[in-house]
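The values are calculated or read from the model by the stated rules, or taken from the named source; none is laboratory data. As the structure is a prediction and not an experimental result, all values here were calculated from the model. Here the Cβ is made from the backbone with ideal geometry for all residues, glycine too, and neighbour counts use every protein chain on show. Accessible surface is based on the protein model in full, side chains and every heavy atom, while ligands, DNA and RNA are left aside. Shrake-Rupley method; radii C 1.70, N 1.55, O 1.52, S 1.80 Å.
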Amino acid sequence: MLPTLLEQTTTRVNAEIDPALHIWGWEIAVYLFLGGLVAGLLILSALLLWRPREQPPSRILQFAPLVALALLSLGMGALFLDLAYKLHVFRFYTAFRPTSPMSWGAWILVLIYPVAALSGLVALGPDARAWLLKKLPLGKVLAWAEGKRQALLGATLAGGVGLGIYTGLLLGTLTARIQWNTAVLGPLFLTSGLSSGAAFLLLFKLDEVDRHRLVRWDMLALVVEAVLIGAMLLGFANAGAAGQLAAEALLGGAWTASFWSLVVVMGIAVPLLLEGIEIKKHLPLVAVTPTLVLLGGLALRAVLLAAGQDSGFRMLP
Amino acid sequence: MQRREFIKITGMTALGVAAASSAVLPKDSQAAVDPGTDGDHTVATFCELCFWKCGVLAHVKDGKVTKIVGNPDHPLSRGALCPRGTGGTGLLYDPDRLKKPMIRVGERGQQKFKEVEWGEALDYVAAKLKDIAAKHGPESVAMFAHGFGGSFFKHLLNAYGSDNVGAPSYAQCRGAREVGFQLTFGTALGSPEVIDLENSRAIALIGSHLGENMHNTQVQEFAKAIERGAQLIVVDPRFSTAAGKARHWLPIKPGTDMALLLAWIHVMLNEGLYDRDYIEKYAVGLEQLKAHVADKTPEWASLETGLEASQIVDSIRVLAGARPAALLHPGRHTAWYGDDAQRARAMAIVNALLGSYGRRGGIYYPTKLGVPKYAGIPDYPHKFKPTPDKPKGKVYPFADESLAHGLRDASIPGTADYDIKAWLVYGTNLIQALPEPKKTIEAIQHLDLLVAVDVLPAEIVGYADVILPEATYLERWDDVVVTPYKEQYIAIRQAAVKPLYDSKPGWWIAKELANRLGLGAYFPWNDAAEMVKARLAAGKFDVDAVLKQGVALGARKPVFIEDGAPAVFATPSKKIELFSQQLADAGLDPLPKYTPPDEPGAGQFRLLMGRTPTHTFGRTTNNRFLSEVYSDNELWLNAQVARELGLENGTQVRVVNQDGVKSNALRLKATQRIRHDCVFMVHGYGHSAAGLNFAKGRGADDAALVTRIKVDPLFGGTGMSVNFVAIERA
Amino acid sequence: MNREKRYVMVVDTRLCVGCKACVLACKAENNTPDGFCRDWIVEDIWGLFPNLRAEIRSERCNHCSNAPCVDACPTGASHKVDGGIVLVDHDLCTGCKACIASCPYDARYVHPDGYVDKCTFCAHRVADGKTTACVAICPTKTLHFGDANDPQSEVAQLLASRRHKVLHPETGCEPNLYFLT
């Protein structure tokens, strides 16, 4: 048997790489979180707006696609802040690289803008429309969009799904980071985006039907999230030395405390419990549960982003 | 991986491969950006980041040196360089360089100076020197030097009337080896050592850490030998880089090398592993040697050295199995325990028994080219007074260079045959290069004059009365260098760029001083370039070719006995002296004896020091370019011991020696790579000089911890690995 | 026949003493900014005193045949040129750092000017028919550079005759930096 590697020294001390990769900070965590949240918002609002209504939907639902766009812009702002060569940001749009999730993401983001904006117009209730038409000459556009309502909502749904998958794949395809080298990461981020989207909407006044649906969807998403996290850890257990290293970070390493307390307990377990109680006891909604879900979603990105950067192949023999 | 493949495939399919590769893909830019570091011309010169003198090509672009590469025509570099060789730019463009002549205004050591013009500085020095010559005689001026540019100042000092020139590279470094080999074979080994490593089939190193000690050609040959399958035996308390390549690593207890050597000799003689014909033909004293080592069995040595007896036997069998192409490397820095010349003798004897002296893969007879002197330089008019480099009444019968520390000690009035009153210090930081730094500082306080010629403000410069800023090797011409080597060659140093700031080449400084001392006749040329070209022309060299190539090769001459080199031994007996009558006559041991080393006290470790490939002691630790890969020294300590002391790898620690001297803080390297009874650090760190803005305060200075020495009775060398330290958390 | 080239570097770990001449020669040749390096030395020690084994490697970008950085790059800044050398086009780079995260060898860094930078196999020298700066300086002849698809080349012959390995073959990146052991 080979003796174990006991000492490794390297002369390399490159900034942002050594001793552990630390290229991406809060900007990317916020970007991934907002990307997931926006994806969730787009998907859920498209689904909720799908059915024809007698009454205009609640105000937050009317504005959901536009709010999503605002949040998406914030996210892209965070991404921009992270670029090391900000002057070259336009280079994302002088190429499309089909192998690069980053490239897909860049293009998905710009495709989402018109689709979500038009969906946003369609979603507006009569009051808001009237107000808007007074301010801007959008009558023709609105009429055209109204005619394509289903198609637009369908496109928004598709955009949301694409965005959600992309935020997961972005890290998940960077297989050089052992922690991210798991097929679960994409679905996990998509699901987390859905629960975040639902939680975000639940912060506002909704009609009862929508509220009930959202709470149920949120619970379902949280359960799926928990299952996916379990699957991720099981996956690591069967992935040799690399998996062991990845699992250690979450089960007995630097990121264990924050992962379990912030992501699992605060972000999943407690909200599930509270939502369950709310449904059973027909209690009035409070802002606490959705806030916890949102914070949990942010924590999930932040912790996995950091843990992943901490888990390179160099740590393997 | 699968996901990356997946997205690749889906991506390509989604778009259609054709569409993807045409319109939406950007141009595939082919060319790499040329960083533009090639010079508009190159200047062939030789390096001075250490003293090996490898040929380099300096790339010069718009008057700046952009990079330095190896000169393929030069026999010492063969186109390749060690890491330091690339770092000439780090020296040339060091922002901390001495920029103007300065005269001291504060107390000695306060490092307070005023900038002056060259005229004033040189007038001051010349006036003082005249005064000292009148009062105390010119011999009371001593010079300390390290570096090829010192030749002009030695010439000046000789013309002035003193031959008291000491270099720490002798008594503090390679002296013991030179004495031991000279006593045995009649000739010292010099630098580059006249060893044919590349053809060795088996090599043994004792405390010599080739690979960390990066003398270019030697490491090139070392690697070549390994590539050719040479067997390697490394004797070192530390798992050195070389030990990592060895078939046998002998982690010897420090201070017991002699026991190992005697046991090796014992085995060689007992098992008949030595070269009988060679010894019979060329050596004297075999019978005395046999009797001397009769009881020096591997089992005996095992108890002394901490090595297994079988290891001792196996390793010498491997070495002897390859003779005569077998070499016990003579080492270089050998100033360890005070019996160093005798240890070198034992190493010489092993080489004699291997029959390696004068043989391919062993030690060769060097050859060199001649270059005529510059015509018209008068002979020195004086008979030099014997050097006062030892205490009054003391004799070191086999010293054949001046002892730098002895000249220092002679500066403390009344201790030597006569007092040294002034120092001219050229390129050697005596504060770190000599042991017992307190004594150095004390001696300085007694001087009438201390002149420092240097490039950087090292500690010793801070004590100077006058600082003369020299141009770096890339900015100056020096004399022709003639090196005894296995190939005949001469090389030149020529300026690649003009001197920066108000620095001046050494030749100019020496010549200007000579003019002021009325010794102008000794410097009849206008400048060094003219002098070098005249010498080359007089030697019938193609001057233009030499200027272009930086080097001129001579005809191949046989350097091995088997190729026809005469087997000459310049000893009194004209033979290899296994038994040394010279030593016996001087009342010293004619055959090397083993003395057990002192033991460290409880909680103490023997302090060992050495090199790192990227630095030449303290001379380069301010070099920011070289420091990109090694900027601070570490304290190596056995990992098990560190655990017992509750010290983790990477902890900042200090060491305290037996006399209470405490080091700077340095990082602990808790490692499997060293024995439990010693610690190791790289020499040349822990600078305190105010002007060394980069190096100041980095790492710890081993020299400051050398408050005790053991003096070698053969030649006065200073054994320095006799200090013990305890470790504390910083 | 117009055979495709595959440039590789072969590192003889038996000869390497870890002197770092390659690191510094690279810095000088490529004018790499302070605090960054495109190649570096790794020293591995196995075992317990006194039964130790060492391996010293000069490492750099592996110029992978299946380069994840090229795939991850959203703008085409990271691209392959003749012989499989992976380069970064500074004009196209946004500094998004996806390539840095994608590299299992951590060979890339953000240049202070904003673009991502790394070893180029000295493509500017190779284009002139010269070898890389690190190979040229190496005093122990540890480093060899050449076209592995040319059976006559030194690298092809070394790979044919000597035991060798690559780092982390499990990544599937097909690295082109070989280590003789």
(request) Considering only residues that are open to solvent by 40 Å² or more (accessible area, probe 1.4 Å) and part of a loop (DSSP other than H, G, I, E, B), look in the range B:542-566 and name the one that is nearest to residue B:364 (Cα to Cα). (result) B:558
(message) Scan the range B:630-639 and tell me whether some residue there is without any contact (Cβ under 8 Å) to a residue 40 or more places away in the chain, out of contact with any helix residue (DSSP H, G or I) (no Cβ under 6 Å at 6 or more places or on another chain) and farther than 26 Å from residue B:695 by Cα.
(response) yes
(message) It is to be established whether one or more residues within the range B:567-581 are in contact (Cβ under 8 Å) with a residue 12 or more places away in the chain, surrounded by fewer than 20 Cβ atoms within 10 Å (Cβ to Cβ), in a helix (DSSP H, G or I) and not aliphatic (A, V, I, L, M).
(response) no
(request) Would you tally the residues in the range B:128-167 being open to solvent by less than 10 Å² (accessible area, probe 1.4 Å) and within 20 Å of the chain's Cα centre (by Cα)? (result) 5
(request) Identify all residues within the range B:191-243 that are touching a Leu at 6+ places or on another chain (Cβ under 8 Å) and assigned to a strand (DSSP E or B); write none if there are none. (result) B:195, B:202, B:203, B:204, B:205, B:206, B:231, B:232, B:233, B:234, B:235, B:238
(request) Enumerate the pairs (first residue in the range C:158-179 and open to solvent by 70 Å² or more (accessible area, probe 1.4 Å); second residue anywhere and in a loop (DSSP other than H, G, I, E, B)) with beta-carbon separation below 7 Å, excluding pairs fewer than 6 apart on the same chain, so at least 6 apart or on different chains. (result) C:163/C:181; C:164/C:181; C:174/C:64; C:174/C:65; C:174/C:66
(message) Tell me yes or no: at least one residue of the range B:583-602 is touching a strand residue (DSSP E or B) at 6+ places or on another chain (Cβ under 6 Å), of a type outside the set (A, V, I, L, M, F, W, C), open to solvent by less than 60 Å² (accessible area, probe 1.4 Å) and not assigned by TED's automatic domain parsing to the domain that holds residue B:216.
(response) yes
(request) Give C:26, C:69 a once-over and let me know the one that is in contact (Cβ under 8 Å) with a residue 60 or more places away in the chain and not polar (S, T, N, Q). (result) C:26
(request) Kindly indicate whether residue B:61 is within 12 Å of another protein chain (Cβ to nearest Cβ), among the charged types (D, E, K, R) and either open to solvent by 10 Å² or more (accessible area, probe 1.4 Å) or within 16 Å of residue B:493 (Cβ to Cβ) (or both). (result) yes
(message) So, restricting to helices (runs of 4 or more DSSP H) that lie completely within the range B:624-730, which ones have at least 2 residues that are more than 14 Å from chain C (Cβ to nearest Cβ) and out of contact with any Phe, Trp or Tyr (no Cβ under 7 Å at 6 or more places or on another chain)?
(response) B:702-705
(request) Report those strands (runs of 3 or more DSSP E) wholly inside the range C:1-79 carrying at least 3 residues which are among the charged types (D, E, K, R), open to solvent by 30 Å² or more (accessible area, probe 1.4 Å) and within 25 Å of residue C:129 (Cβ to Cβ). (result) none
(request) Output yes when any residue across the range A:86-107 is part of a helix (DSSP H, G or I), open to solvent by less than 50 Å² (accessible area, probe 1.4 Å) and within 18 Å of residue A:48 (Cβ to Cβ), and no when none is. (result) no
(request) Could you check residue A:67 against (1) free of Cβ contacts under 8 Å to residues at least 40 places away in the same chain; (2) over 22 Å from residue A:199 (Cβ atoms); (3) of a type outside the set (Ser, Thr, Tyr); (4) crowded, with 19+ Cβ neighbours inside 10 Å and say which number it fails? (result) (2)
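Out of curiosity, is residue C:93 within 25 Å of residue B:36 (Cβ to Cβ) and either in contact with a Ser or Thr (Cβ under 8 Å, 6 or more places away or on another chain) or at the interface with chain A (Cβ under 8 Å from one of its Cβ atoms) (or both)?
Values: within 25 Å of residue B:36 (Cβ to Cβ): yes; either in contact with a Ser or Thr (Cβ under 8 Å, 6 or more places away or on another chain) or at the interface with chain A (Cβ under 8 Å from one of its Cβ atoms) (or both): yes.
Here the answer is yes, as residue C:93 does meet what is asked.
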(message) Conditions first: (1) outside the structural domain of residue B:514 (by TED's automatic domain parsing); (2) of a type outside the set (Val, Ile, Thr); (3) farther than 26 Å from residue B:481 by Cβ. Residue B:421 passes all but one, so which condition is the exception?
(response) (1)
(request) Would you mention how many residues in the range B:481-497 are closer than 15 Å to residue B:44 by Cα and either in a loop (DSSP other than H, G, I, E, B) or of a type in the set (Val, Ile, Thr) (or both)? (result) 8
(request) Name every residue in the range A:249-266 that is touching a Leu at 6+ places or on another chain (Cβ under 8 Å), in contact (Cβ under 8 Å) with a residue 40 or more places away in the chain and open to solvent by less than 40 Å² (accessible area, probe 1.4 Å), in order of residue number. (result) A:250, A:259, A:263
(request) Out of B:626, B:645, report the one residue that is touching a residue at least 40 places away in the same chain (Cβ under 8 Å), within 30 Å of residue B:86 (Cβ to Cβ) and not assigned by TED's automatic domain parsing to the domain that holds residue B:241. (result) B:626
(request) Would you check which residues across the range B:87-127 are open to solvent by 40 Å² or more (accessible area, probe 1.4 Å), assigned to a loop (DSSP other than H, G, I, E, B) and hydrophobic (A, V, I, L, M, F, W, C) and list them? (result) B:105
(request) For the range B:449-477, name all the residues that are closer than 27 Å to residue B:57 by Cα and free of Cβ contacts under 8 Å to residues at least 60 places away in the same chain. (result) B:471, B:477
(request) Those residues that are open to solvent by less than 70 Å² (accessible area, probe 1.4 Å) and charged (D, E, K, R), I need them from the range A:267-288; list them, please. (result) A:275, A:278
(request) Identify, by number, the condition in (1) surrounded by fewer than 21 Cβ atoms within 10 Å (Cβ to Cβ); (2) of a type outside the set (Gly, Ala, Ser); (3) in a loop (DSSP other than H, G, I, E, B) that residue B:478 doesn't meet. (result) (1)
(request) Kindly indicate which of B:250, B:273, B:260 is open to solvent by less than 10 Å² (accessible area, probe 1.4 Å), in contact (Cβ under 8 Å) with a residue 12 or more places away in the chain and over 24 Å from residue C:181 (Cα atoms). (result) B:260
(request) Residues being in contact with a helix residue (DSSP H, G or I) (Cβ under 8 Å, 6 or more places away or on another chain) and closer than 17 Å to residue A:126 by Cβ: count how many of those fall in the range A:41-58. (result) 4
(request) Could you please tell me which pairs satisfy a Cβ distance under 7 Å, a separation of 6+ or placement on different chains, a first residue in the range A:8-25 that is within 7 Å of chain C (Cβ to nearest Cβ) and over 10 Å from residue A:314 (Cβ atoms), and a second residue that is crowded, with 20+ Cβ neighbours inside 10 Å and small (Gly, Ala, Ser)? (result) A:23/C:101
(request) Have a look at B:287, B:280, B:308, B:304 and point out the one that is open to solvent by 20 Å² or more (accessible area, probe 1.4 Å) and closer than 27 Å to residue C:45 by Cβ. (result) B:308
